[in-house]
Amino acid sequence: MGKLILVRHGHTPLNSPGEDERLRSWLDVPLDQKGLEEAAKTADMLDRYPVEVIYCSDLRRARQTAEVLRRRVKAPVMATSELRPWNLGAFGGQRVKDILPFLNLLNQRPDLPAPSGESFYQFYGRYSHRLTELLSLADSSNGYVLAVTHVRNLLAATTIIEGGDKNKVPVKGGPSTGTISMVEKIDGKWTISREDGREVVQQSRFSLEDAAAIAQVPCPPAELVAAQSGL
């Protein structure tokens, strides 16, 4: 029986903290210098694990991270769109603080697709399907299966792995870029924790990206409803 390792991709130019943070979504942004350095440090930490295969999101930031890891652990890389984050469509690249009301509505209405994107339920179904397959692969492997993905995926991972309620997926406290999470079966039950032993979701952390999912607004923004209707 093997284990599954989940890695968040390295830092990108759009991960700037504070008011300048922008939503990455499906934008194909590359790693910046900090992200490349994070990937190298992550590779150093993974060197002691017998990784058999690396899966990654097919977005550039994840593929770049996976390539740095591949050079260290000597495992083949397989890219898949099923490991992409939530597709927030037209909101990709916009400053998080400018679209808080819209993001809040999408979290309150998980069945509502973002303009030119997908709903949270669509994202959750796509990602949970692939993650379940990776768990089965890890269960039948002698070594480790590794997957490079995104923060929203990691926030959903605990709920999927531990059989929780998809309507209660955390919206804040996700692992920082380059973080390693370990998934293993203990007494017949899958569990997930960070490589350093901490919880995957850190409720004490808070950023504008987190606020984007929980900000309270007086009423649903009419602009989003109009966009969904093609008006």
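The values are calculated or read from the model by the stated rules, or taken from the named source; none is laboratory data. None of these values were measured; they are calculated from a predicted model. All Cβ positions, even for glycine, are placed from backbone atoms using ideal geometry, and neighbour counts span all protein chains on display.
The listed residues are Gly188, Gly174, and the only one of them that is out of contact with any Cys (no Cβ under 7 Å at 6 or more places or on another chain) and either on the phi > 0 side of the Ramachandran plot or at pLDDT 95 or above (or both) turns out to be Gly188.
Looking for something at pLDDT 95 or above, under 18 Å from Val7 (Cβ atoms) and either of a type outside the set (Asp, Glu) or over 13 Å from the mean Cα position of the chain (by Cα) (or both) - is there at least one such residue anywhere in the stretch 113-127? Taking every residue of the stretch 113-127 in turn, at least one turns out to be at pLDDT 95 or above, under 18 Å from Val7 (Cβ atoms) and either of a type outside the set (Asp, Glu) or over 13 Å from the mean Cα position of the chain (by Cα) (or both).
Here the condition is being within 25 Å of Lys172 (Cα to Cα) and either of a type in the set (A, V, I, L, M) or in contact with a strand residue (DSSP E or B) (Cβ under 8 Å, 6 or more places away or on another chain) (or both); of Arg63, Arg109, Arg70, it holds for Arg63 alone. Screening Glu67 with (1) among the acidic types (Asp, Glu); (2) within 22 Å of Ser176 (Cβ to Cβ); (3) at pLDDT 95 or above; (4) touching a helix residue (DSSP H, G or I) at 6+ places or on another chain (Cβ under 7 Å) gives one miss only, at (4). For the stretch 145-196, the tally of residues that are crowded, with 19+ Cβ neighbours inside 10 Å, out of contact with any helix residue (DSSP H, G or I) (no Cβ under 9 Å at 6 or more places or on another chain) and either not in a helix (DSSP H, G or I) or not aliphatic (A, V, I, L, M) (or both) stands at 1.
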